[in-house]
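Working notes, beginning with the structure itself.
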Amino acid sequence: MISISKKNALLSVYNKTGIVQFARALKKLGWNIYSSGGTAKTLRDAKIPVIDVSTLSGLPPILGHRVVTLVPQVHGGLLSTEEQIEELKKLEYPWLDLVCVDLYPLKNEIVRQDATTESVIEKTDIGGPTMIRSGAKGRRIVVVEHADRKKVIEWLKKGEPDGKNFRTDLAAKAEKIVSEYCLYSARFHSEGTINGIIGKQFALCTYGENAWQSPAGLFTSDTTEDPLSLQNFSLVEGSTPSYNNYCDMDRMLQTMTHIAGVLDINHKKIPCIAIGVKHGNSCGVSVADKPQDALQGMISGDPLALFGGIIMANFPIRGAEAKILRDWNMPDGKKRILDGVFAPSFNSYAKKELNRKEGKCRLLENKALAKLDASSLDSAIRFRYVRGGFLKQPNYTYILDLKDPELEIVGTKISSAKETELLIAWAIGSTSNSNTITLVKNKTLIGNGVGQQDRVGAVNLVVSRARRSGHDIRGAVAYSDSFFPFPDGVQVLIDAGVKAIITTKGSVNDEAVREVCRKAKISLYFLPDKKSRGFFGH
């Protein structure tokens, strides 16, 4: 006689790791276990009594094991309601109170270089998602993620407290996992013409960009293996990061990884990097051999803009570093106001020194910041909401290589030290809102003219901002994120004392730009606009 008890579990997993322990724990709690195929064999080999799914329907697996669990006896046991128990008894179907299923590794197959339509179809699970969704609709205990098995056993041992919410949470997670699975398939078979993004709320923000934009939150993918994903930053001091903090963090990671990447590609060395931003754009950046020098250089970039800004470093922040951030170059008795600091780690003195009332300086740490190289760039597809849909594009993964055969140098090739400054200027400017002109001197940002509607306006802005902060522009290098349509912007840089410019070519006035640089005897590094244009956050 088939049991109609609510202590029946169906276990069917592709990855058998840990399934024996889970089944054994269920048996100790008095559960019957139904299973099939490889899972049933694994459990029997471990001396765990199992009822084969095929005994429910009286039918063996068919079509090369393609159809095993797609039978009414299974789905009736998962979908039935309390009011339908008598019908289940007449049908002699078991009430299945728990289903533990994982899915064929479809994503792993899709990303294989030699994947084909046939190979992807063979790795496409049908029975698994169907059982998961039946269990979710029937509000059974649906266990899809390995980490949830222990949680479920502990919950059962405690007498199933708050059962409705517990089951609902598992059901929602199950639907998300199936949705992601189906999206992988749709994306592959449509060759990318069907796309989307699914995330789980990681953090709730008090509001969005403005106080009236509420609720707001950070949603992340729990399947990402990216160590620099925002969910991998741990808050160690201060209040919950705001929506704008998260936006700035994402932008800073682009700048930080591009600096590390371009130095890795060209010099095979990643020194200390300190970045200060305001509204996502760098207002202070410095690269140095010592943390203290990097921080002081970063602060000197645009101290006024840095007020209330956010800092990111690729080195630990300890007492000496924290004191520089708060005190260096400040009037006596005054402390620098910062909204957040992101670094590989903080010691207790740094946490105390950087703390502000009401936790307004957020300290977030991520050890991956100390291990940056050219592979650290974010390579995931980027999506952007637009009214009625979204835009999609590849990420910003271009890295400037001074050995590029398409690089044209007009005038004299500059020293290696000056070329390093060009690389830093490129990394900053290409991750700042276009149009951008960036000035770097002594491996330190001295001006960033961002977000302008014309290039000569960006040039005038960067020169005025550098002078406002007391910088001597003579001997600096400049980066332009696209070509100069006229030589007037180049002439402003020359008149200010810039000695080298890196930009793109593609304007009808390229030769006029070359000529004004030759006449002034400054070095012009030229790359094709179609290859290396640096528009960002357009």
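Could you check the range 452-538 for helices (runs of 4 or more DSSP H) lying wholly inside it with 3 or more residues that are more than 33 Å from the chain's Cα centre (by Cα) and either at negative phi or at pLDDT 95 or above (or both)? By residue number, 455-468, 488-496, 510-520. Residues that are over 23 Å from the mean Cα position of the chain (by Cα) and modelled with pLDDT of 95 or more number at least 1 in the following strands (runs of 3 or more DSSP E) confined to the range 124-220: 141-143.
Consider the range 155-176 and keep the residues that are in contact (Cβ under 8 Å) with a residue 40 or more places away in the chain and under 15 Å from C100 (Cα atoms). The one that is surrounded by the most Cβ atoms within 10 Å (Cβ to Cβ) is A174. Total residues in the range 107-123 satisfying the condition of being basic (K, R) and open to solvent by less than 80 Å² (accessible area, probe 1.4 Å): the figure is 1.
Flag set for K334, criterion: modelled with pLDDT under 95, over 27 Å from the mean Cα position of the chain (by Cα) and more than 21 Å from S430 (Cβ to Cβ). Across the range 124-143, the number of residues qualifying as open to solvent by less than 20 Å² (accessible area, probe 1.4 Å) and not acidic (D, E) comes to 13. Residues satisfying the criterion are absent from the range 490-497 (criterion: open to solvent by 20 Å² or more (accessible area, probe 1.4 Å) and in contact with a strand residue (DSSP E or B) (Cβ under 8 Å, 6 or more places away or on another chain)).
Table: residues versus (1) in contact (Cβ under 8 Å) with a residue 12 or more places away in the chain; (2) part of a loop (DSSP other than H, G, I, E, B); (3) among the aliphatic types (A, V, I, L, M); (4) within 22 Å of K151 (Cα to Cα).
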residue	(1), (2), (3), (4)
K27	yes, no, no, yes
I33	yes, no, yes, yes
A40	yes, no, yes, no
R44	no, no, no, no
T55	no, no, no, no
G64	no, yes, no, no
T69	yes, yes, no, no
H75	yes, no, no, no
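The values are calculated or read from the model by the stated rules, or taken from the named source; none is laboratory data. Note that the structure is predicted; figures quoted are calculated from it, not measured. Glycine gets a Cβ as well: all are built from the backbone with ideal geometry, and neighbour counts include every protein chain shown. Side chains are part of the model used for accessible areas, which takes the heavy atoms of the whole protein and leaves out ligands, DNA and RNA. Shrake-Rupley method; radii C 1.70, N 1.55, O 1.52, S 1.80 Å.
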